[in-house]
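Below you'll find the structure, written out as structure tokens, and then a few comments.
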Amino acid sequence: MRSIGQEQRYLEAAAEFGPALDRLARGYEADPDLRRDLRQEIHVQLWRSLAKFDGRCSLKTWVYRVAHNVAATHVLKRKAKVQLVGLDELENAPDGADPEATTGERQAIERLRALVRSLKPPDSQIMLLYLEGFDAAAIGEVTALSAGAVAVKIHRIKTVLAERFHQGRTP
């Protein structure tokens, strides 16, 4: 049976974190139709999960944990169709010409999103949270990694993404 507390928490969470959840979905999914489906699934699972929310972590942490778990599952379901690369493969990938002009901010942002989407789910999850302004400790709460491990991963991923971005490499 539906709890009024659950409904109210969902409405508050959707109002407060809705734009961030939209950005998260854009970070995980390039296709507009699949992105819409992903956003819907995030909201459905968020609503369902709030029945079990007991306040042992912040609502923000809970929302992002649910959203990233749904998004990671979404990516894994599509894994057969999309070639994902790990951080090591990304570092050692051969140079490639970027077919997109990189003069506009929009193209640059989309290139960055594409590079982040090309990462395996744990690495893309960390970077998307970092891009949302989470610090290493908060990312650790969502991902169940230590803050130190998160900080190291962020540094390595940022270095590789910056190198790939500036060299015009595409995923």
query = Is it the case that residue 170 is modelled with pLDDT of 85 or more and among the β-branched types (Val, Ile, Thr)?
reply = no
Residue pairs qualifying under the 6 Å Cβ cut-off, at least six apart or on distinct chains, with the first in region 17-36 being more than 16 Å from residue 65 (Cβ to Cβ) and the second being among the small types (Gly, Ala, Ser) and surrounded by 17 or more Cβ atoms within 10 Å (Cβ to Cβ), are 35/25
Scanning region 30-80 residue by residue, the ones that are buried (at least 16 other Cβ atoms within 10 Å of the Cβ) and among the small types (Gly, Ala, Ser) total 4
By residue number, the members of region 37-57 that are without any contact (Cβ under 8 Å) to a residue 12 or more places away in the chain and over 29 Å from residue 111 (Cα atoms) are 44, 48, 52, 54, 55, 56
- [ ] State whether one or more residues within region 93-112 are within 14 Å of the chain's Cα centre (by Cα) and either loosely packed, with under 13 Cβ neighbours inside 10 Å or modelled with pLDDT of 85 or more (or both).
- [x] no
Residue hits (region 147-171; within 18 Å of the chain's Cα centre (by Cα) and part of a loop (DSSP other than H, G, I, E, B)) are 171
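Residue-by-condition table, conditions (1) assigned by TED's automatic domain parsing to the domain that holds residue 67; (2) within 21 Å of residue 60 (Cα to Cα); (3) among the charged types (D, E, K, R):
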{"residue": "117", "(1), (2), (3)": "no, no, yes"}
{"residue": "120", "(1), (2), (3)": "no, no, yes"}
{"residue": "127", "(1), (2), (3)": "no, yes, no"}
{"residue": "131", "(1), (2), (3)": "no, yes, no"}
{"residue": "141", "(1), (2), (3)": "no, yes, yes"}
{"residue": "151", "(1), (2), (3)": "no, yes, no"}
{"residue": "159", "(1), (2), (3)": "no, no, no"}
{"residue": "162", "(1), (2), (3)": "no, no, no"}
When every residue in region 106-139 that is polar (S, T, N, Q) and in a helix (DSSP H, G or I) is compared, the one farthest from residue 66 (Cα to Cα) is 107
Exactly one of 55, 27, 18 is of a type outside the set (S, T, N, Q), at pLDDT 60 or above, part of a loop (DSSP other than H, G, I, E, B) and outside the structural domain of residue 159 (by TED's automatic domain parsing), and that one is 55
Inside region 30-52, the number of residues satisfying the requirement of being outside any loop (DSSP other than H, G, I, E, B) and among the small types (Gly, Ala, Ser) is 1
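The values are calculated or read from the model by the stated rules, or taken from the named source; none is laboratory data. Not measured: the values here are computed from a predicted model. Heads up, the Cβs are rebuilt from the backbone with ideal geometry, glycines too, and the neighbour counts pull from every protein chain shown.
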